[in-house]
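Note sheet for the following structure.
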Amino acid sequence: RAKRDHRGQDLRYAEQMGAEARDRALLLSELRAAIDDARLYLVYQPQRELRTQALVGLEALLRWRTEDGRLIPPDRFIPVAEHSGLIVPLGQWVLATACATMREMLDLGCAPRHMAVNVSVAQLRDPGFFETVRGALAANGLQGHHLELEITESVAVLPTQLLESTLSALRAEGITIAIDDFGTGYSSLSYLERLPLDRIKIDRGFVRQLREAQGARIAETVTQLGRKLGLQVLAEGIEDAATWQALVDMGCHEGQGFYIAAPMERSALLDWLRCPALA
Ligand code: C2E
Ligand code: MG
Ligand code: MG
Ligand code: MG
């Protein structure tokens with residue numbers, strides 16, 4: 001009887017696995033179709049220096065709107081794109097599109113310091129990545145300092161040599177590197193110190209809990225760590241004035257969040273920046 005129960009469990013498990021695999025395969029084929037039909041687009045979220053409120057950057061974030069108008073969140077489809085390798089060409093499109101928007105803002109005289117683009121481990125592993133980035137800059141007449149790349153602690157799975165040489169080559173072009181969602185991954189502090197980085201982004205999970213002692217202590221500790229390592233520190237997910245002020249007080253340099261502005265589509269962004277209209 002115990003055996004039968006066990007077998008039943010296995011069968012249920014297999015069915016469930018099958019359903020998950022089917023879901024993923026379905027989402028992947030829908031994603032491919034969405035890319036072909038140009039249903040993916042970018043939104044841009046402003047980043048400010050906290051003390052002066054000066055605009056410093058924009059983060060490009062991917063959006064997928066289905067034919068019937070639903071938004072599928074990147075946290076759902078990015079993993080599928082990563083799993084299948086589709087993130088490599090998709091990431092190329094993101095880079096090219098974000099760089100084109102940066103070019104447009106420069107031409108209009110309303111560009112911030114840089115455009116920040118999220119990159120996945122699979123992109124960094126791709127031997128063509130460096131040339132892809134250089135190509136996106138060159139095609140839009142941009143300099144390296146116009147671009148920031150956001151990586152996460154998950155890059156720790158890459159061979160250290162490959163990672164260090166890739167990041168160093170990018171930085172030699174003037175491109176800056178930010179470590180995203182800091183504090184949520186598994187990378188060690190010695191690892192962090194070795195990587196050629198410019199900025200730490202405090203995960204919004206810690207920023208959201210800033211009102212509680214625990215969250216505040218973590219945000220403050222990450223800020224001090226970043227400052228000691230000579231890095232810029234940016235807090236994500238700032239949703240109110242009190243959080244902004246608390247971050248200023250603890251010495252955090254920059255921030256991003258709904259309190260400053262939600263991510264916006266290109267045309268709304270140009271309005272928000274008060275870019276002069278194109279003739
Ligand atoms: P992320 O890079 O950490 O991006 C920040 C996320 O926080 C975004 O979610 C943004 O919309 C959200 N956010 C910003 N301000 C606030 C706030 O004040 N409160 C709250 N609750 N949320 C805020 P989004 O756009 O859903 O993106 C989720 C994640 O998907 C990103 O996290 C990033 O890891 C990934 N992602 C998005 N676009 C791309 C892309 O083009 N390439 C890659 N590889 N990953 C991407
Ligand atoms: Mg990011
Ligand atoms: Mg983040
Ligand atoms: Mg995140």
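Data overview
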quantity	calculated
Leading residue by the ranking (nearest to L31 (Cα to Cα)) among those in the stretch 74-83 that are in contact (Cβ under 8 Å) with a residue 40 or more places away in the chain and surrounded by fewer than 18 Cβ atoms within 10 Å (Cβ to Cβ)	R76
Some residue of the stretch 155-173 being in contact (Cβ under 8 Å) with a residue 40 or more places away in the chain and of a type in the set (K, R)	no
Residues of the stretch 237-267 classified as touching a Phe, Trp or Tyr at 6+ places or on another chain (Cβ under 9 Å) and in a helix (DSSP H, G or I), total	4
Yes/no for L108 being closer than 19 Å to Q232 by Cα and either away from ligand 3 (no atom under 16 Å from the Cβ) or without any contact (Cβ under 8 Å) to a residue 12 or more places away in the chain (or both)	no
Filter result (buried (at least 19 other Cβ atoms within 10 Å of the Cβ) and either within 9 Å of ligand 1 (Cβ to nearest atom) or over 22 Å from M105 (Cα atoms) (or both)) within the stretch 251-262	C252, H253, Q256, G257
A242 vs. criteria more than 22 Å from the chain's Cα centre (by Cα), away from ligand 1 (no atom under 12 Å from the Cβ) and free of Cβ contacts under 8 Å to residues at least 24 places away in the same chain	no
Residues of the stretch 263-278 that turn out to be without any contact (Cβ under 8 Å) to a residue 12 or more places away in the chain and surrounded by fewer than 14 Cβ atoms within 10 Å (Cβ to Cβ), as a count	3
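Conditions tested, residue by residue: (1) more than 19 Å from the chain's Cα centre (by Cα); (2) loosely packed, with under 15 Cβ neighbours inside 10 Å; (3) within 13 Å of ligand 1 (Cβ to nearest atom).
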site: V94; (1), (2), (3): no, no, yes
site: M102; (1), (2), (3): no, no, no
site: R113; (1), (2), (3): no, no, no
site: A139; (1), (2), (3): yes, yes, no
site: E148; (1), (2), (3): no, no, yes
site: P159; (1), (2), (3): yes, yes, no
site: A169; (1), (2), (3): yes, no, no
site: A178; (1), (2), (3): no, no, yes
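Matching residues to (1) at pLDDT 90 or above; (2) surrounded by 22 or more Cβ atoms within 10 Å (Cβ to Cβ); (3) within 16 Å of ligand 2 (Cβ to nearest atom); (4) not in a helix (DSSP H, G or I):
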site	(1), (2), (3), (4)
D181	yes, no, yes, yes
T184	no, no, yes, yes
F206	yes, yes, yes, no
E220	yes, no, no, no
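The values are calculated or read from the model by the stated rules, or taken from the named source; none is laboratory data. Predicted model only: the values in this text are computed from it and were never measured. Reconstructed Cβ throughout: ideal geometry from the backbone, glycine too, with neighbour counts over all protein chains shown.
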